[in-house]
Amino acid sequence: PPKIVFSRDSCVSSVLKSSCIRSYTAVLRAGLPCTHKKIRIFKGVPGVLMLHVAVAVIRDAQGRVLLSRRREGTHLAGLWEFPGGKLEPGESIGEALRREIREETGLEITAHRPLIGIRHHYPEKSVFLDTHLITTWSGIAYGREGQEIAWVDRGMLHDYALPEADNPILTALS
């Protein structure tokens, strides 16, 4: 079957437009492969737009966990989350973790290990949260993108409003 290619121009700032999603859905229904640069298809989830997200659980020497608050104008604005972001085309999970955490917090990640993988479905999109425990890092965390950050005692994490998709991470940490 012919390949359908979505150009980067069909999306804005890596946030998929509804017209792009409709086209993508039509492609999947027709059984055609998609080579869109921001979409990854995960086996076992046929026909679902699934964004691959690298998520970091970073603990300091006191065992506190780093959270970041989502900025206004973003999906789930105002909620706290574990830092991370979407993988770029061809990027490994390790590369994405290092890039996203450096961009968001200024920290340099040197070692990590898988913690939990979570598939979650929102009305407008689905995400695969590829969550890793950061075991070695350096630097001083700050909100490089203007976002608020906080080091939170593990026992206090439930006091922060987190996206529903992050709940299994809390369970994995307890």
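The values are calculated or read from the model by the stated rules, or taken from the named source; none is laboratory data. Bear in mind that the values here come from a model prediction, so they are computed numbers and not experimental data. A quick note on method: Cβ atoms are made from the backbone with ideal geometry, for glycine too, and the neighbour counts reach across all protein chains shown. Heavy atoms of the whole protein, side chains included, go into the accessibility calculation; ligands, DNA and RNA do not. Shrake-Rupley method; radii C 1.70, N 1.55, O 1.52, S 1.80 Å.
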When every residue in the range 141-156 that is of a type in the set (A, V, I, L, M, F, W, C) and within 20 Å of Glu100 (Cβ to Cβ) is compared, the one least open to solvent (accessible area, probe 1.4 Å) is Val152
Quick one: which residue in Phe42, Phe82 is modelled with pLDDT of 95 or more and open to solvent by less than 60 Å² (accessible area, probe 1.4 Å)? Phe82
Does the range 99-122 contain at least one residue that is modelled with pLDDT of 95 or more, within 13 Å of the chain's Cα centre (by Cα) and hydrophobic (A, V, I, L, M, F, W, C)? yes
Taking the stated definitions as given, is Ala111 within 26 Å of Ser174 (Cα to Cα), hydrophobic (A, V, I, L, M, F, W, C) and without any contact (Cβ under 8 Å) to a residue 40 or more places away in the chain? yes
Go through the residues of the range 99-111 one by one and say whether even a single one is among the small types (Gly, Ala, Ser), open to solvent by less than 70 Å² (accessible area, probe 1.4 Å) and assigned to a loop (DSSP other than H, G, I, E, B). yes
Selected residue (criterion: nearest to Asp166 (Cα to Cα)) from residues of the range 123-145 that are free of Cβ contacts under 8 Å to residues at least 60 places away in the same chain and assigned to a strand (DSSP E or B): Thr135
Hey, any hits in the range 70-85 for a residue that's in a loop (DSSP other than H, G, I, E, B), out of contact with any Cys (no Cβ under 9 Å at 6 or more places or on another chain) and of a type in the set (Val, Ile, Thr)? yes
Only one of Ser138, Ser92, Ser126 is polar (S, T, N, Q), open to solvent by 20 Å² or more (accessible area, probe 1.4 Å) and under 15 Å from the mean Cα position of the chain (by Cα), namely Ser92
Tally of residues being charged (D, E, K, R), over 12 Å from Val65 (Cα atoms) and touching a Gly at 6+ places or on another chain (Cβ under 9 Å) across the range 127-157: 2
